[in-house]
Amino acid sequence: MSCETWQEKIDAYVDAELSSDEMSRLDSHVRECPACAADAVRGVQLKRLTHSAGKRYTASPDFRKKVLAQIQSQPSRRFSWLGVPQFAAVAAMLVIAMLFWNHNAQLRQRDQVLAQVTDMHVSALASANPVDVVSSDRHTVKPWFQGKVPFTFNLPELQGTPFTLLGARLIYFEHAPAAQLLYQYQQHHISVFIMNDTPELDRELGKASLSRQLSFNVETWDAGGLCYMAVTDAEAQNLGTLVTLLKQASAKS
Amino acid sequence: MNQQARSPEMFEELAVPLFDSLFNFAHWLTHNREEAEDLVQETYAKALKGFSSFQLGTNFRAWMFRILRNTFLTSRTGLQAKMTVPLEPEEEEGPVVAAVTEETPESILLGRADQETVQRAIEQLSVPHREVILLSDVEEMKYEEIAQTLDIPIGTVMSRIARARRALRQLLQALPVAAKFGTGRSS
């Protein structure tokens with residue numbers, strides 16, 4: 001299929017609105033076509049920017065209370081016949097609403113972090129030089145980071161596994177140096193980001209989990225004071241296998 | 001559907017979590033905090049009143065956003081926007097194809113664009129483009145949900161998103177210099 005045909009689908013690709021068949025065909029095309037790859041990167045960058053910039057306005061606490069009161073002043077409260085005082089029911093609902101809003105705020109922060117690493121993964125793949133150090137040997141890649149990042153980490157032995165280490169590069173994440181490792185699984189690439197696990201990052205990411213970000217699978221976890229984030233367009237199950245190997249390696253340190 | 005399913009408690013359970021998103025969307029549409037508050041309040045009042053007609057099992061978020069948008073379009077600010085900008089300018093044009101280029105100066109520009117510049121660019125989009133960008137990228141609605149919210153076919157959603165992003169890119173390319181000297185910033 002021609003580039004022009006794919007260009008029409010770039011937005012739907014970025015929005016994960018293509019069928020899985022079209023998605024994988026466009027994935028393959030993007031790997032071979034620098035022009036379409038550049039467009040895909042621009043699309044992802046723009047979506048990430050608008051996602052973050054668009055969350056701009058917050059209601060005042062007074063207005064929030066006013067609307068909540070408007071909704072909650074409706075008759076037929078479910079607790080009234082149970083003899084529970086009205087004010088207790090309202091207070092409980094306010095607490096629940098506050099917890100929900102706090103939870104939503106954390107989800108938004110988490111989304112922003114995951115969007116950032118997904119963007120870095122896509123940018124690296126679209127780059128002519130996706131890695132600074134090209135090596136499949138973990139004993140070459142790990143020492144390369146000495147003096148570049150303020151931490152050290154162990155990498156797994158991949159002999160006999162379907163994964164290959166392609167290399168790594170130094171990145172800056174939230175103003176601090178961090179490591180990005182690039183692995184290959186069949187035709188898919190997997191970026192593994194390793195950085196210091198700061199309280200801010202901990203708060204933003206919450207518990208370890210697997211999630212979807214612009215059709216990519218993203219898994220996050222922490223170990224040994226470090227925060228790990230793995231991003232790929234490969235199946236979640238395959239990502240999980242590499243994550244298990246990485247966790248086992250970090251447990252040895 | 002029984003009466004309990006459409007109780008005020010049910011409405012509260014569904015509607016309260018949407019408050020932040022509705023307010024943000026309303027503010028982007030009106031460019032004004034007081035008008036946004038009026039719009040959100042009226043939306044909740046209308047939704048509460050019409051909740052008995054809401055079909056459970058269908059998309060409640062799309063229903064709420066549709067009420068807010070329709071309320072906005074019939075407000076003074078919404079009518080002014082309608083009169084100054086054609087609401088359906090793009091559907092008559094041909095397919096949208098982004099410019100093919102291997103060089104990515106725009107990519108570099110996007111990488112450097114700060115949040116305020118992007119916000120200024122979004123502000124300058126026409127209402128149809130602004131709302132589709134907000135629903136897609138900020139609210140992360142799927143095309144089908146956006147189609148329900150805006151009451152337009154999915155094909156129109158796709159072409160409108162493509163055109164809105166193209167307009168946003170053009171604004172971002174034009175804005176950095178202006179942003180440097182700009183002083184105004186809405187609340």
Given the structure, is B:PHE23 in contact with a Phe, Trp or Tyr (Cβ under 7 Å, 6 or more places away or on another chain) and either part of a helix (DSSP H, G or I) or of a type in the set (S, T, N, Q) (or both)? yes
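Let's see how each residue does on (1) over 24 Å from A:VAL44 (Cβ atoms); (2) out of contact with any Lys or Arg (no Cβ under 8 Å at 6 or more places or on another chain):
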site	(1), (2)
A:LEU201	no, yes
A:GLU204	no, no
A:ASP222	yes, yes
A:GLY225	yes, yes
A:ASP233	no, yes
A:LEU246	yes, yes
A:SER250	yes, yes
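For B:LEU39, are the conditions met, namely being touching a residue at least 40 places away in the same chain (Cβ under 8 Å) and out of contact with any Gly (no Cβ under 8 Å at 6 or more places or on another chain)?
So B:LEU39 does not fit the description; no.
Could you look through the stretch B:130-158, keep only residues that are polar (S, T, N, Q) and more than 9 Å from chain A (Cβ to nearest Cβ), and pick out the one that is surrounded by the most Cβ atoms within 10 Å (Cβ to Cβ)?
B:THR149
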When you scan the stretch B:31-56, how many residues do you find that are under 14 Å from B:PHE72 (Cα atoms) and over 22 Å from the mean Cα position of the chain (by Cα)? 0
Does the stretch B:13-20 contain at least one residue that is facing chain A (nearest Cβ under 9 Å) and small (Gly, Ala, Ser)? yes
Report yes if some residue within the stretch B:170-185 is in a helix (DSSP H, G or I), at the interface with chain A (Cβ under 10 Å from one of its Cβ atoms) and modelled with pLDDT of 60 or more; otherwise report no. yes
Just checking, does the stretch A:153-164 include any residue being free of Cβ contacts under 8 Å to residues at least 60 places away in the same chain and under 17 Å from the mean Cα position of the chain (by Cα)? no
Evaluate the stretch A:199-218: report whether one residue or more is at pLDDT 90 or above and either over 28 Å from A:MET23 (Cα atoms) or of a type in the set (Asp, Glu) (or both). no
Quick check on the stretch A:47-67: of everything there that is among the small types (Gly, Ala, Ser) and either closer than 29 Å to A:SER123 by Cβ or assigned to a helix (DSSP H, G or I) (or both), which residue is modelled with the highest pLDDT? A:GLY54
Return the residue satisfying two criteria in turn: it lies in the stretch A:13-34 and is touching a helix residue (DSSP H, G or I) at 6+ places or on another chain (Cβ under 6 Å) and either outside any loop (DSSP other than H, G, I, E, B) or at pLDDT below 85 (or both), and of such residues it is nearest to the other protein chains (Cβ to nearest Cβ). A:VAL14
Output the residue which, of all residues in the stretch A:2-53 that are hydroxyl-bearing (Ser, Thr, Tyr) and buried (at least 20 other Cβ atoms within 10 Å of the Cβ), is farthest from B:SER159 (Cα to Cα). A:THR50
Run down A:ILE194, A:ILE190 and say which single residue is touching a residue at least 40 places away in the same chain (Cβ under 8 Å) and within 13 Å of A:LEU125 (Cβ to Cβ). A:ILE190
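The values are calculated or read from the model by the stated rules, or taken from the named source; none is laboratory data. The structure presented is a predicted model; accordingly, all values stated were derived computationally and were not measured. Cβ atoms come from the backbone with ideal geometry, glycine included; neighbour counts cover every protein chain shown.
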